[in-house]
Protein chains: 2
Amino acid sequence: MLGTPSHPMQVPMTVDEPIYLDYAAATPVDEQVLEAMSPYFSQCFANPSASYAPARKARADVEDARTRIAHLMGAKSANIVFTAGATEANNLALAAVAPDAHVIASAIEHESVRACVMAREAGTLLPVSAEGLVSAEALARAIRPDTELVSIALANGEIGTIQPLRELSHVIADERKRRLAAGETRPIYLHTDASQAAALRTLNVSSLGADLVTVSAAKMHGPKQVGLLWARSGIELRPLVCGGGQESGLRSGTENVAGIMGFARAFEIARDLREDESKRLRELRNWLQGCLADAFADAVVTGPVRDAQRLDNLLHISFPGLLARRLVISLDQQGVYVGTGSACAASKMTVSPVLEAVGATPATCEGSLRITLGRETTREQVERAACIIIETVNAERQRVGGC
Amino acid sequence: MLGTPSHPMQVPMTVDEPIYLDYAAATPVDEQVLEAMSPYFSQCFANPSASYAPARKARADVEDARTRIAHLMGAKSANIVFTAGATEANNLALAAVAPDAHVIASAIEHESVRACVMAREAGTLLPVSAEGLVSAEALARAIRPDTELVSIALANGEIGTIQPLRELSHVIADERKRRLAAGETRPIYLHTDASQAAALRTLNVSSLGADLVTVSAAKMHGPKQVGLLWARSGIELRPLVCGGGQESGLRSGTENVAGIMGFARAFEIARDLREDESKRLRELRNWLQGCLADAFADAVVTGPVRDAQRLDNLLHISFPGLLARRLVISLDQQGVYVGTGSACAASKMTVSPVLEAVGATPATCEGSLRITLGRETTREQVERAACIIIETVNAERQRVGGC
């Protein structure tokens, strides 16, 4: 049983294993996933494009993996392109529309989407609410006659906001109807980067309502730099990497067979565990949040208030007056690994565009930790982490106050 | 000892392990490489962009791998960009120059270079000799005032031609001098895809004389979809994939840490074995070639005659009047795995542009096998393969003759 939020200190403090609480940045490859990958390094290593038996087996296995993933997404396997990671998949999605077409993304999209929008001739970053939510009305207003793509991540990796994608897809559908009635032939698509949500939410493409979906293996206990883009039938993708014509000409280069096999296994495991893990992690996260909020009345939690609109494993919490960078270092020294904003933005030491977009105060931005739980996270770890975080914040406040 | 070419049939025919002779298409991951990779899947799995201890270790290990590889190439580590494979590295090299600049590639480049050249506004495919060699004179004539990039693979993966890169680099240097004297500011670079040569030739960038070099891990017993592009200081690359800014902004996306660690180990092993393996495989290849040439007077070997101009492990041989596709199927059934042209082209069942460029007759094209030996290839395997190939060609000739 979890201790009550007000008594976390009852947990004995021992020199224990480190506590990893940055699952949004990276997940360990599951043992079963590694097992699924391992034959494809040194044994079934043939090039799937060759024609002899082991090569045909490699090809068949890659296609089987595609079919299994397609099944899990309620999609056609022919509509799945394997890519070298989610960033590449997002770039591929954004490249699907004409270079001069207008695109829209939320102001809290991942850098891989933001960078592509910013590099285009015409792009709009859509403001979000204080909880990070995109409103259907704001989207409807932002759509122009030349808008061809709207990119809204299913879940935000920094503050955990889960977008009302189906509602947003209706806005796109309405605009399609309008164009059809007006005799306009320009298409309009909804893309969603589902990477951060992949381990905890359904990725059924009909449920999502999107026309293009990015998934990352690395965020669901699969290998790094393995991802996919699903695109509805009829959407013509433009390859970023040309050559031998693999992936129906959309991603040339010999397939990462081991990575793809691992991806499929990781996807299946995530699906099997999803329901239980969502519930378990939500409880742990809510306990941790309560615990820290009780300890620090001025702590600020960023992201949606309602559980249904939040990633179950994520807590974004700020301790105004402190510097997250110093907190992270101190926690690191005590074996507690948490993030400050997204890992990518963190390495650049810039203010997070996500926090800026939700209108966080400078103090909130500076003192914010992103804590993300995952499959290996135990109750004991969370209780121990709570103790250490409380002690660390207290110590840091004393230090700052004493200056 | 090898049997003499005229007595290959003395080797006993048993139901043995299959014989893999398509190392140009794929290589098995070396056990030591896999060992170097394995901690990075489930243990050291942290995102190198995060800031806590395990993440810093992942970052340090990636940078250590880069330094080790740079050392092996006689290069600066800051000039190495890790990519998701050689195809991506080639695309990145070709994207380095202005979209409207003229580029030149040999007519026998890999599809990943050819496709990029063909997609550009101004590109020239340079004819080659019957041995597949690019001549310095032809290159000099093809260079235009607006030429910014010349891409010539160190070794051709289909017929094994090793280009006189240093000589070609002098042509580029001369053009640079001319432009400098004329006050022209347009740069001109030499890119070489060294993927196929990586296991058997030096990749020292000074020795090569190129300004940009592509290397593939997958062709040197490392993992698939891991590669690099080295670019001389001062060359400004343009990223194909944007986002979190990894690889100095040139290849965004969380690094494939395991893959990079494996790449470095594979590179080191290849360097250690290079000299011995080149000699050993050259002898085996030459024995096989002699054996098949003795058995079939009309067999045609394509590629350079001189060993010094040929990849040591490659034999491209045609049996006019036969269909390579049928031969490969029959050899496959007997457990001998060989290629027809490059695996990429083979899967598309089109005439190989390489064979077209060297002026091979239709009969030579249709009946050609690409046999590539590698690290696991033994003398016994080559002798046994020779027997099986001779039997198969004879059987196929009888079948065709009997029609």
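Brief remarks on what is shown
- Exactly one residue among B:R306, B:R282, B:R310, B:R274 is of a type outside the set (S, T, Y), more than 26 Å from B:E396 (Cβ to Cβ), away from every other protein chain (no Cβ under 14 Å) and touching a Gly at 6+ places or on another chain (Cβ under 9 Å), and that residue is B:R310.
- So B:E158, is it touching a Ser or Thr at 6+ places or on another chain (Cβ under 6 Å), among the charged types (D, E, K, R) and either under 19 Å from B:V305 (Cβ atoms) or at pLDDT below 95 (or both): yes
- Among the residues of this structure, B:D312 counts as one that is part of a loop (DSSP other than H, G, I, E, B) and at pLDDT 95 or above.
- Any hit, the range A:200-223, residues being within 13 Å of chain B (Cβ to nearest Cβ), on the phi < 0 side of the Ramachandran plot, over 13 Å from the mean Cα position of the chain (by Cα) and surrounded by 24 or more Cβ atoms within 10 Å (Cβ to Cβ): yes
- Selected residue (only one of A:E121, A:E131 is more than 14 Å from chain B (Cβ to nearest Cβ), under 23 Å from B:R251 (Cα atoms), touching a residue at least 12 places away in the same chain (Cβ under 8 Å) and surrounded by fewer than 24 Cβ atoms within 10 Å (Cβ to Cβ)): A:E121
- Annotation note: of A:I389, A:I371, the sole residue that is touching a residue at least 40 places away in the same chain (Cβ under 8 Å) and within 23 Å of A:H221 (Cβ to Cβ) is A:I371.
- If you go through the range A:71-99 and keep only what is in contact (Cβ under 8 Å) with a residue 24 or more places away in the chain and away from every other protein chain (no Cβ under 13 Å), you end up with A:L72, A:M73, A:G74, A:A75, A:K76, A:A78, A:N79, A:I80, A:V81, A:A96, A:V97, A:A98.
- Lone unmet requirement of (1) β-branched (V, I, T); (2) more than 29 Å from A:E35 (Cα to Cα); (3) within 14 Å of chain B (Cβ to nearest Cβ) for A:I235: (3)
- Which listed residue, of A:V257, A:V226, is at pLDDT 95 or above, touching a Cys at 6+ places or on another chain (Cβ under 8 Å) and within 14 Å of chain B (Cβ to nearest Cβ): A:V257
Residues checked against (1) outside the structural domain of B:E63 (by TED's automatic domain parsing); (2) within 29 Å of B:R370 (Cα to Cα); (3) touching a His at 6+ places or on another chain (Cβ under 7 Å):
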residue	(1), (2), (3)
B:I162	no, yes, no
B:I188	no, no, no
B:A197	no, yes, no
B:T202	no, yes, no
B:A210	no, yes, yes
B:L237	no, no, no
B:L250	no, no, no
B:G253	no, no, no
B:G259	no, yes, no
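- Hey, B:A153 outside the structural domain of B:L314 (by TED's automatic domain parsing), among the aliphatic types (A, V, I, L, M) and under 11 Å from the mean Cα position of the chain (by Cα) or not: yes
The values are calculated or read from the model by the stated rules, or taken from the named source; none is laboratory data. In this text the structure is predicted, and so the values were computed from the model without any measurement. Glycine gets a Cβ as well: all are built from the backbone with ideal geometry, and neighbour counts include every protein chain shown.
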